[in-house]
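Q: This is the structure I have questions about; it appears just below.
The values are calculated or read from the model by the stated rules, or taken from the named source; none is laboratory data. Small disclaimer: the values here were computed from a predicted structure and weren't measured. Cβ placement follows ideal geometry from the backbone for every residue including glycine, while neighbour counts extend to all protein chains displayed.
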Amino acid sequence: MHDAEFPYDVQWTDIDAMSSSLDFTYDQSNFHGLTDLVRSLQSEGKHYVNIIDVGISSTQPSGTYPPYDDGLKRAIFMTKFNSTVPITGKVWPGLTVFPDFTNASTIEW
């Protein structure tokens, strides 16, 4: 865009930039240099917007995913009626849980 002198002030990325469709990650192979691109855009007064999907993966091959693990500890996910068991659904990264935005702790999380 810059080299073609095409005017723009914001660059967006969608879930394809994420590593395994996981929030708060990026695919370092296909999006190598993303952090440098963001810094460059910001130095030119441009903005970068990264989509953050509300579904947090509850099933990772490595057995750990910090946003999920921390969310469980803080009890911020939506739960089944009269239960502490999180409601799960299937979204991009597989089985996911969903933050309960009526819980004040969720905002802090």
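Residue-by-condition table, conditions (1) modelled with pLDDT under 95; (2) surrounded by 14 or more Cβ atoms within 10 Å (Cβ to Cβ); (3) under 30 Å from residue 3 (Cα atoms):
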{"site": "19", "(1), (2), (3)": "yes, yes, yes"}
{"site": "28", "(1), (2), (3)": "yes, no, yes"}
{"site": "57", "(1), (2), (3)": "yes, yes, no"}
{"site": "68", "(1), (2), (3)": "yes, yes, no"}
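Q: Of all the residues that make up segment 55-87, how many are under 18 Å from residue 17 (Cα atoms) and not in a loop (DSSP other than H, G, I, E, B)?
A: Summing the residues that are under 18 Å from residue 17 (Cα atoms) and not in a loop (DSSP other than H, G, I, E, B) in segment 55-87 gives 3.
Q: Please state which one of 107, 52 is surrounded by fewer than 14 Cβ atoms within 10 Å (Cβ to Cβ), touching an Asp or Glu at 6+ places or on another chain (Cβ under 6 Å) and either in a helix (DSSP H, G or I) or of a type outside the set (D, E, K, R) (or both). Even if it seems obvious, please write down each step before you answer.
A: Working: 107 fails: touching an Asp or Glu at 6+ places or on another chain (Cβ under 6 Å).
On inspection, the qualifying residue turns out to be 52.
Q: Return only the number of the condition from (1) touching a strand residue (DSSP E or B) at 6+ places or on another chain (Cβ under 8 Å); (2) buried (at least 16 other Cβ atoms within 10 Å of the Cβ) that residue 91 does not satisfy.
A: Answer for residue 91: the failing condition is (1).
Q: Scan segment 59-74 and report the pairs whose first residue is farther than 14 Å from residue 24 by Cα and of a type in the set (Asp, Glu) and whose second residue is modelled with pLDDT under 90 and assigned to a loop (DSSP other than H, G, I, E, B), with Cβ atoms within less than 9 Å and a gap of 6+ or a chain change.
A: Every condition considered, no pair remains.
Q: Additional query: Can you confirm whether residue 35 is surrounded by fewer than 14 Cβ atoms within 10 Å (Cβ to Cβ) and part of a helix (DSSP H, G or I)? If you could, list the steps in order and put the result at the bottom.
A: Numbers: surrounded by fewer than 14 Cβ atoms within 10 Å (Cβ to Cβ): yes; part of a helix (DSSP H, G or I): yes.
Taking the combined requirement at face value, the residue satisfies it.
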